Amino acid sequence: MRAAARLLAALTVVAGALGLLATPVAAHNVSGVGSTNYLTTLDGLAPETAGISVAVLEKGSRIEVTNTNEDDVVVLGYEGEPYLRIGPDGVFENQRSPATYLNRDRSGSDSGGAEVDAEAEPDWEQISAGRTARWHDHRIHWMGADVDRPDERFVVEDRWVIPLRYQGDDLEITGQLLWVPGPSPLPWYLLAAVLVGAGALVGMRSWWGKGLAGLLTALVLTDVVHLVGILGARTGGPDWAAIGSNLLYSVVAWSVGVVGITLLLRGKRDGLFAAIFSGVVLAVFGGFQDLGVLGHSQVPFAWDEASARVLVTLTIGLGLGVAAGSLTALRQLGAFSRPAARPAAAGVGGGAVDPGAATPADDPPRDVE
């Protein structure tokens, strides 16, 4: 069990290092977008057309168009070329349109290849049998670098436009891009600090096993609910690629946490090492990687922004609190003390050794021939 404890301690250090090296882009997100202060609003479809509905999804990360009519509606790309065709036969994508490739991710990183030609005859490829299309349209969200903004709401773009064509008529989806300052994260930092202190105090008590098991149980459940909220924020189902390796870290930490809870309830010291590992990993990948939600106004989450902030704060506070409490308990148990010196060996036959008697260590050094 000591070897397992050392392994868990080493893994904890590695997890912490990975968390420090990770960038905010690696955080839990929805369709490639994390928390932000940019708000995309929708004015609607002009002119209004029966059977065609539009919606902005995931804080402006994507837009949705549904067409229940018997005629196709065509979405135009960035150069006015046919990009999407939505109708009774399904959703089709023009493989010659630059928008087909630029819209594949939130950042517009794929410009396509030699086949891209906005002026060429459309090459339609079916991508869905339904009547609804959802895509990243970079005309509706902020694509520039982060810049300093005032501490008040203001209009970044007064009118964004996505052009459509239906039955020979031109339609437009319009809206605004706003800057909405986020709240102060200070109260959430203070709450997390209180939870860390509470965890350390639990580690000092004689009932540290049951106390830390309770905190670790709360931590694991909190992170599970947090992840469900992230996955549930994406219209059309979870984007597993966007969650990335964070999901793997969470699952491993949950598993080790369950083992730690079992050992702690039995008062086993090795449960403390499992608790440290689970606490640090979940605090890093479930909490610190989503730290931006505490100070941003727009948070892609299945529920409201306040719920996301509470869950992130609990994950950080409980995670570090469990780790601090476990380290305190280990110290109380003498895990970091030097082992006591062994008593002098007894003489032959159980007799005491004469303190004045010469020992091999007392013999003067001899030359080796």
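Since every read-out is calculated from the coordinates, none of them should be taken as a lab result. The shown structure was predicted, so the numbers you read here are calculated from the model rather than taken from an experiment. Cβ atoms come from the backbone with ideal geometry, glycine included; neighbour counts cover every protein chain shown.
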Debye calc, one equal point scatterer per Cα of segment 89-157, no solvent, log10 I(q)/I(0) at q = 0.14, 0.17, 0.22 1/Å comes to -0.58, -0.74, -1.01
Mind jotting down the distance between the C-alpha centroids of segment 172-233 and segment 72-115, whole Å? 40 Å
Pair D151, T66: separation of 7 Å Cα→Cβ label points (nm): 4.2 nm
Using a 7 Å offset from the Cα along the Cα-to-Cβ direction at both V180 and Q95, what is the distance between the two label points in nm, to one decimal? 4.1 nm
If R₀ is 25 angstrom, what is the calculated FRET efficiency for the pair A302 and A218, using the beta carbon separation as r and rounding to 0.05? 0.80
Each label point is 7 Å from the Cα along the Cα-to-Cβ direction; what then is the distance between the points at Q167 and A114, in nm? 4.4 nm
